[in-house]
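Participant: Got a structure here, written out as structure tokens. Questions coming.
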Amino acid sequence: MRAGDLLVGGLLALRARKLRAALSALGIAIGIAAGVAVLGISASSKANLLSELGAEANLLTVSAGQNFDGSPASLPMTAERMIARIPPVESVTAVGYVPGATVRRTDLVPAIDSGGISVLAAQPGLLATLGGRVARGTFLNAATERYPAVVLGAAAAQTLGIDLVRPGTQVYLAGRYFTVIGILRPVPLAPEIDEAALVGFGAADSLLALGGHPTELYLRALPDQVQAVASVLPFTANPALPEGVRVSTPSSILAARAAAGSAFTGLFLALGGIAALVGGVGIANIMVISVLERRGEIGLRRALGAARRHVGTQFLMESLLLSALGGVAGVLLGAAATVGYAVAARQPAVLPWVAVLAGFGVAIGVGALAGVYPAVKAARLAPAEALRTT
């Protein structure tokens, strides 16, 4: 039999049982769609991560560990100026943690209901160094950093129920009212900023008794000099106690987050494989039933001269066609799920060709395995016995 004859015969057989064929292909489609969607979503997330790493990989943070009560320890007041003198450092800015300060909507809210919002003293150059942006209002500047003005991180503003910056909007911070002048957008590489209320160092020193000591420094270095800068930062920030200085790259946090997310990719692919396998079992079951129902057709073809291999090949072709239809539908569903996720998450939609080819290949492989037993069973039917049972 020619390949074209096999293909036409298989399509006609499936067309005669449309609903059964659709339900059989659905099992394969679900498994393939799950696998393609997992690989596509993973690739989209990876592309988004790489774009963030490309922009933020030269950002470093310097801190001095923690005190006995768990609060951030202070760095020397000279740390920022000394780090700024390192030639590859492009910019550096400091923040200072204000211990014991709570932030509430009003003084009527109990102090215990602070929502976990921390108070940080910040410099006007913080956003430029972190690559952050203001969602509402303005950021601290030379005019406002000395007065009771506060800028809220994205999570802190949500906790306090403040979504707009209006004249007279205030929060009760460390026993006195501060005027809200701005709300920030989320800062992916510095999540502590999202959950903080930011005041100027001048106001923190005069009103909150900070003392001018920073607790953390953010700095930008030349991209090809990041490791060299990181190696000298402990000795530059605190020459008297370099072993107490911690240096980290926020981009490594993103990489760790991606690794944690990819740990589930294998699990989801395994589930998709199981679904495809179950779909293959369904196809095998349907094809066995088809053999029993078409015994008369098989006996007639054998009586007219069809060899066993012709009958077996015909049923194997039908199984392959069922799985191929399921594979195509699964790839399309997985691609649609990938695009939908990317649009919802505002990420680039990436669908690896390997996911498409592997999905279709797995579908064909499952269909071939599922069709072997029904094809052998059909080929072994004796013509006289098959015609006698019709």
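Participant: Which residue is farthest from LEU210 (Cα to Cα), if the candidates are limited to region 103-117 and must be open to solvent by 20 Å² or more (accessible area, probe 1.4 Å) and in contact with a Phe, Trp or Tyr (Cβ under 8 Å, 6 or more places away or on another chain)?
Facilitator: In this case the residue turns out to be VAL109.
Participant: Of everything in region 179-188, what is closer than 26 Å to THR61 by Cβ and open to solvent by less than 20 Å² (accessible area, probe 1.4 Å)? Give them in sequence order.
Facilitator: GLY182, ILE183, LEU184, VAL187
Participant: Any residue in region 187-202 that is more than 16 Å from LEU217 (Cα to Cα) and touching a residue at least 24 places away in the same chain (Cβ under 8 Å) sitting within a Cβ distance under 9 Å of a residue that is of a type in the set (Ser, Thr, Tyr) and surrounded by fewer than 24 Cβ atoms within 10 Å (Cβ to Cβ)? List the pairs, counting only those 6 or more apart or interchain.
Facilitator: GLU195/SER118; GLU195/THR159; ALA197/SER118; GLY202/TYR147
Participant: Follow-up. Which count do you get for residues in region 275-321 that are more than 30 Å from GLY334 (Cβ to Cβ) and touching a Gly at 6+ places or on another chain (Cβ under 7 Å)?
Facilitator: Residues in region 275-321 being more than 30 Å from GLY334 (Cβ to Cβ) and touching a Gly at 6+ places or on another chain (Cβ under 7 Å): 1 in total.
Participant: Let me ask something else about it. Could you list all residues from region 371-390 that are at pLDDT 75 or above and assigned to a helix (DSSP H, G or I)?
Facilitator: The answer is GLY371, VAL372, TYR373, PRO374, ALA375, VAL376, LYS377, ALA378, ALA379.
Participant: Given (1) modelled with pLDDT of 80 or more; (2) among the hydrophobic types (A, V, I, L, M, F, W, C); (3) touching a Gly at 6+ places or on another chain (Cβ under 8 Å); (4) under 18 Å from ARG308 (Cα atoms), identify the lone condition not met by VAL362.
Facilitator: (4)
Participant: Out of all the residues in region 152-164, which are within 21 Å of ALA128 (Cβ to Cβ) and not in a helix (DSSP H, G or I)?
Facilitator: LEU152, GLY153
Participant: Check GLU80 against each of (1) in contact with a Pro (Cβ under 9 Å, 6 or more places away or on another chain); (2) open to solvent by 20 Å² or more (accessible area, probe 1.4 Å); (3) part of a loop (DSSP other than H, G, I, E, B); (4) modelled with pLDDT of 80 or more and name the one condition it does not meet.
Facilitator: (3) is the only condition that GLU80 fails.
Participant: Specify which of the listed residues (ARG301, ARG308) is basic (Lys, Arg) and open to solvent by less than 80 Å² (accessible area, probe 1.4 Å).
Facilitator: Exactly one of ARG301, ARG308 is basic (Lys, Arg) and open to solvent by less than 80 Å² (accessible area, probe 1.4 Å), namely ARG301.
Participant: Give me a count of the residues in region 362-381 that are of a type outside the set (Val, Ile, Thr) and either open to solvent by 40 Å² or more (accessible area, probe 1.4 Å) or closer than 18 Å to ARG301 by Cβ (or both).
Facilitator: Residues flagged as of a type outside the set (Val, Ile, Thr) and either open to solvent by 40 Å² or more (accessible area, probe 1.4 Å) or closer than 18 Å to ARG301 by Cβ (or both) within region 362-381 amount to 10.
Participant: Out of everything in region 189-229 that is acidic (Asp, Glu) and closer than 18 Å to ALA84 by Cα, what residue ends up being surrounded by the most Cβ atoms within 10 Å (Cβ to Cβ)?
Facilitator: Checking each candidate, the answer is GLU216.
Participant: While we're here: Go through region 137-169 and report how many residues are in contact with a Gly (Cβ under 7 Å, 6 or more places away or on another chain) and either in contact (Cβ under 8 Å) with a residue 60 or more places away in the chain or open to solvent by 60 Å² or more (accessible area, probe 1.4 Å) (or both).
Facilitator: Final tally of qualifying residues: 4.
Participant: Further question on the same structure: Tally up the residues in region 119-136 that are part of a strand (DSSP E or B) and open to solvent by 30 Å² or more (accessible area, probe 1.4 Å), please.
Facilitator: Within region 119-136, residues that are part of a strand (DSSP E or B) and open to solvent by 30 Å² or more (accessible area, probe 1.4 Å) number 3.
The values are calculated or read from the model by the stated rules, or taken from the named source; none is laboratory data. Remember, it's a predicted structure, so these values are computed and weren't measured experimentally. When we count neighbours, we look across all protein chains shown, and the Cβ atoms used for this are built from the backbone with ideal geometry, even at glycine. Calculation scope for accessible area: heavy atoms of the full protein, side chains included, ligands and nucleic acids excluded. Shrake-Rupley method; radii C 1.70, N 1.55, O 1.52, S 1.80 Å.
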